[in-house]
Structures are given as C-alpha cells and as structure tokens.
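Have a look at the structure below, then the notes.
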Amino acid sequence: IFQLDSTIVDNAITGDQIICKGFAPTLFTGSNPANTSYHWLYKEDTAVQFKMTTAINNTYNYQSGTLQSSTLFKRIATRFLCTDTSNFISVQVKNNGLWMGAQNALWQIGSNWCGGTVPDSSTHVLVQQGSQIVISDAFPNQSNTAKTMMVDSLASIVINGALHWPTAVLGAGTIDAS
C-alpha cells in the first residue's frame with residue numbers, strides 16, 4: 001500500500017504595505033491548509049539571499065518586528081513530502097514624507113510625519129487610505145510644499161492655507177482647496 005502526497009495549493013500570503021522606518025508592519029496573513037507546516041524568510045533591499053525570520057516563524061501568519069529598510073518576505077509551506085514557496089510580500093520603508101497623523105490632522109506639525117519633519121520641496125509625500133490632512137492658515141510663515149504628492153483613494157487633503165503645488169499630484173484621493 002502506498003499513499004500519494006497531495007500537492008500544496010493556495011500558498012498565498014498578503015500584507016504589502018508602506019511603513020515608516022523603525023516601525024513594525026501589520027500582521028502578514030496567509031491560507032492555512034490542513035497538515036501543513038511553515039517557515040518565513042526575509043530579504044532586506046540590499047541583501048542577496050533570503051534569511052530565516054526571527055521570533056515565532058512557524059505559523060501560517062507572521063508578525064515582523066520593526067524594520068529599518070525595505071524588505072521582502074515569503075513563506076515556505078511543507079505538506080508531507082511536498083514543499084511550496086508563496087508569493088512575496090513587499091514592505092517599503094520610508095524615512096520621510098509618509099503621513100502618520102500621530103498628533104492631529106495638521107500638515108505643518110512635524111510629529112505627524114514619518115521622520116518627524118514637515119515635507120519640503122525635495123520630499124515625495126504619500127498620504128495613505130483613510131487619512132485626512134489639513135493645511136491650515138494658522139502657520140502663515142511656513143512654506144507648505146512637496147516635490148510630489150501621492151494621495152491614495154479615501155484619503156484627502158483640505159487646503160485652508162497656502163500650498164506650493166508640487167511637480168506632480170497623483171492618486172485617487174481628494175484635494176479640497178476652499
């Protein structure tokens with residue numbers, strides 16, 4: 001009597017994201033077929049080879065620690081004698097220009113931005129889904145500008161003060177210049 005090993009199907013993982021340097025990404029999730037074991041691998045943007053992740057890395061989901069550079073993740077699934085490699089998860093790590101909104105919705109407050117610095121004419125700004133920024137007229141001596149702005153869907157910028165328009169404004173979000 002012999003038994004055929006079934007192949008691994010649907011070894012898909014999700015979790016692509018953009019985060020601020022020194023922060024941890026949200027949980028990476030994946031399917032969980034029965035009788036399957038896992039291990040997670042990562043590769044930082046300058047590395048040549050993937051390495052085993054640290055901490056608990058043998059579950060179908062994985063929580064990374066804080067990241068200092070952009071990193072790719074993948075999951076190896078093993079079922080009986082079959083092994084399969086998942087798709088990649090990409091975590092882009094930004095030093096600045098990423099809206100965090102940690103204090104309030106005001107563009108002009110440094111602690112609202114990744115890196116703690118208000119954007120300038122060399123900054124590529126990214127406003128992710130669900131965020132709202134207000135450019136207030138309460139800061140008349142501050143120059144509000146960026147090199148480029150990407151405003152994701154469901155994100156918005158309300159302009160009540162002056163904005164020096166960037167070279168490019170991209171995305172599906174809204175800009176309300178009242």
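The values are calculated or read from the model by the stated rules, or taken from the named source; none is laboratory data. Keep in mind it's a predicted model, so treat the numbers as computed, not measured. Neighbour counts are summed over all protein chains in view; Cβ atoms, including those assigned to glycine, are modelled from backbone coordinates with ideal geometry. Side chains are part of the model used for accessible areas, which takes the heavy atoms of the whole protein and leaves out ligands, DNA and RNA. Shrake-Rupley method; radii C 1.70, N 1.55, O 1.52, S 1.80 Å.
For the range 136-147, the Karplus equation 6.51 cos²θ - 1.76 cosθ + 1.60, evaluated at θ = phi - 60°, returns couplings of 8, 7, 6, 10, x, 9, 9, 7, 9, 8, 6, 6 Hz by residue, with Gly and Pro reported as x. Across all Cα atoms of the chain, the radius of gyration (one decimal) and Dmax (whole number) stand at 21.0, 82 Å.
Packing-based ranking of 131-142, 83-94, 49-60 yields 83-94, 131-142, 49-60, ordered from highest to lowest mean Cβ neighbour count within 10 Å. Accessible surface calculations at 1.4 Å, restricted to protein heavy atoms, place the range 1-101 at 59 Å² per residue. Estimated from the Cβ-Cβ distance and a Förster radius of 25 angstrom, the FRET efficiency linking residue 174 and residue 148 is about 0.90. Protein heavy-atom surface of the range 1-157, 1.4 angstrom probe: 53% of the accessible area is carbon and sulfur, with nucleic acids and ligands not counted.
Shape index of the range 31-89: Rg/Rh, with Rg the Cα radius of gyration and Rh the Kirkwood radius from the inverse mean 1/r over Cα pairs, equals 0.98. Computed over the chain with a Gaussian network model linking Cα atoms closer than 10 Å, the most mobile of 61, 35, 160 is 35. Residues whose amide H falls under 5 Å from that of residue 133, counting only those 5 or more places apart or on a different chain, are 156, 157, 158, with hydrogens built in the peptide plane.
Close amide H pairs (under 5 Å, H built 1.01 Å from N) link residue 171 with 151, residues at least 5 positions away or on another chain. Give, as a single signed number, the net charge of other residues whose beta carbon lies under 15 Å from the beta carbon of residue 68, with Lys and Arg counted +1 and Asp and Glu -1. Around residue 68, the surrounding residues sum to +2.
Taking 20 Å as the straight-line reach from the Cα of residue 94, the aspartates and glutamates in range (excluding those fewer than 8 positions away in the same chain) are 16, 44, 45, 120, 152.
Does the range 106-178 classify as rounded, prolate or oblate by the C-alpha gyration tensor (a ≥ b ≥ c root eigenvalues; a/c under 1.5 gives rounded; else a/b over b/c gives prolate, otherwise oblate)?
It is rounded, given that a/c, with a ≥ b ≥ c, falls under 1.5.
The alpha carbon centroids of the range 7-86 and the range 87-161 are separated by 29 Å. Legend note: in the chain, cysteines whose Cβ sits 4.7 Å or more from every other cysteine Cβ are 82.
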